Every structure is written in structure tokens, then in C-alpha cells.
Amino acid sequence: MNSFEKDVVLITGASKRLGKEIATLLAQNNFNLGIHYFKSSTEAIKLSLDLSRKYNINAIPFKADLRDIKQIKILINNVYRNFGRLDVLVNNAAVFKKGNLKASNEKVWDETLNTNLKSIFFLSKYASTKMLVNKKGVIINIASLGGLRPFIEHIPYSVSKAGLIMLTKCLAKALAPDVRVNAIAPGTINFSGEKLIAERKLLKDYVNATEIAKLVNSLIIDYKHITGQCIPIESGNLLI
């Protein structure tokens, strides 16, 4: 297969942490990648080069401020122009701002809602038009445990992720049957790989980023009849 005939995945916020983990696993599984970043240009360029060389795929970095709808449209068009296709969108980029009832202000609300919810609507809107050219596509939204239970010290964040879960359902209905749309709601992620104390977790451990990446991969490749769902992966914390 020519390298540019491979399915193309755009991952937002892909240069670090969970986004990087998802990008690495998808590269191992022979996907071409759009590596979105905003400020982390050094990390995004390095990751793109490393993945391209190691796994014989094409990974290209793309810069965009997702709070700007014009830049979102340019981002999607640039990915499509470079690869000639767009098959999967992973909406991973998010901000996690502290804001309880007393401390929340308009700036925190605007930045959180614009990044975590509004941008995802427009990313999905523009990306789905490219997917529908080939009448197939997948959108995966990275939600949060905070969208399923209230984080009272992070109210704007919690509300944005709850909205994202409902947006997932709306998009799934609007884009069926050609594009499947699902969300994943992680709990606290252990990025260090160490065994941390997690007494308040039912399974006594934090979530592993690799597990989340594997779930993203499975929702793309394996589970062809799941759409409009939010899948928690949170060490049983919802039951406590």
C-alpha cells in the first residue's frame, strides 16, 4: 500500500500526554497522522518525525488555535490538502481550568467552553464533510469523568465535558449511517507509569493512558456498530 493510501487520523492536542500516546499507538497500527498543536511546536515536530521514521507512516504537524473558528476550518482544509483524505478525527485537545462557584469568572468560562466544546462542534462539522466524500468516517471525543459526575472545583470544565457527551449523541444521529461518533470518559490518568495510591478508586489504581489509546484504536477498527455512546474508563470510580 502506498503510504498516502493509508487512513488518515487528525488528533488534536497530539504533541503531549494522552494525545501523544494515542498518536503513537495509531502510528503502530499503520495510520497516517495529522498532529495538531497550538503552542508545543517543538514537541509536535519531533513526534511527527519520530513516528514517520519508526513506523513508515506519514505524520505531519499542523498548528491551530482551536478557539478561532477560522483557524479550525483552515486546519481541516490543510490536513485534507496534504493527505487527500480524512478518515478519523480524535478530539483530544482540552483545557482544565480551576473554577468553583466562588472563583469562576467569564474568562475561565469562555476559554473552557470555547476549547472543550464549541471547537469540537466546528472541528466535527468541517471534518465530517471531508469524511463523507468517501462515505465513511469516525469521530472520537475525549470527554471526562467530570462530564458524568460534578467536579465542583472545576465547574466550567465539568459542564463542558457534560456538553461534549450530549454533542457526541447529537453528532452520531446527524452523521449516521456513514460516520460513527463516540466519546471516551477517562478518570484520572497515571502518566508516570508508577503504582500510585488510589484508595478512592474501586480498582485501587489510576487509568493507564495506553488503555485509553487502545480503546480509541478499537473504536476505529473493531467496533463497527457502536455510535453515540460515552464509554467510561475510570477504575470504577463512578460506583463510589
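The values are calculated or read from the model by the stated rules, or taken from the named source; none is laboratory data. Quick caveat: nothing in here was measured; it's all calculated off a predicted structure. Using ideal geometry, Cβ is built from the backbone for each residue, glycine included, and neighbour counts are taken over all protein chains shown.
For segment 134-167, the tally of residues that are of a type outside the set (Lys, Arg), at pLDDT 95 or above and closer than 21 Å to residue 177 by Cα stands at 9. Residues being among the charged types (D, E, K, R), within 30 Å of residue 27 (Cα to Cα) and surrounded by fewer than 16 Cβ atoms within 10 Å (Cβ to Cβ) are represented in segment 130-142 by at least one member. Report yes if some residue within segment 98-113 is closer than 20 Å to residue 20 by Cα and in contact with a helix residue (DSSP H, G or I) (Cβ under 8 Å, 6 or more places away or on another chain); otherwise report no. Taking every residue of segment 98-113 in turn, none turns out to be closer than 20 Å to residue 20 by Cα and in contact with a helix residue (DSSP H, G or I) (Cβ under 8 Å, 6 or more places away or on another chain). Among residues of segment 196-221 being at pLDDT 85 or above and β-branched (Val, Ile, Thr), the one that is nearest to residue 137 (Cα to Cα) is 220. Taking each residue of segment 203-216 that is more than 9 Å from residue 233 (Cα to Cα) and looking for partners that are aromatic (Phe, Trp, Tyr) with beta-carbon atoms closer than 8 Å, six or more apart or interchain, yields 209/191. Within the span defined as segment 79-86, every residue fails to be out of contact with any helix residue (DSSP H, G or I) (no Cβ under 6 Å at 6 or more places or on another chain), among the aliphatic types (A, V, I, L, M) and without any contact (Cβ under 8 Å) to a residue 12 or more places away in the chain.
Within the option set 127, 44, 103, being at pLDDT below 95 and over 21 Å from residue 186 (Cβ atoms) holds for one residue only, 103.
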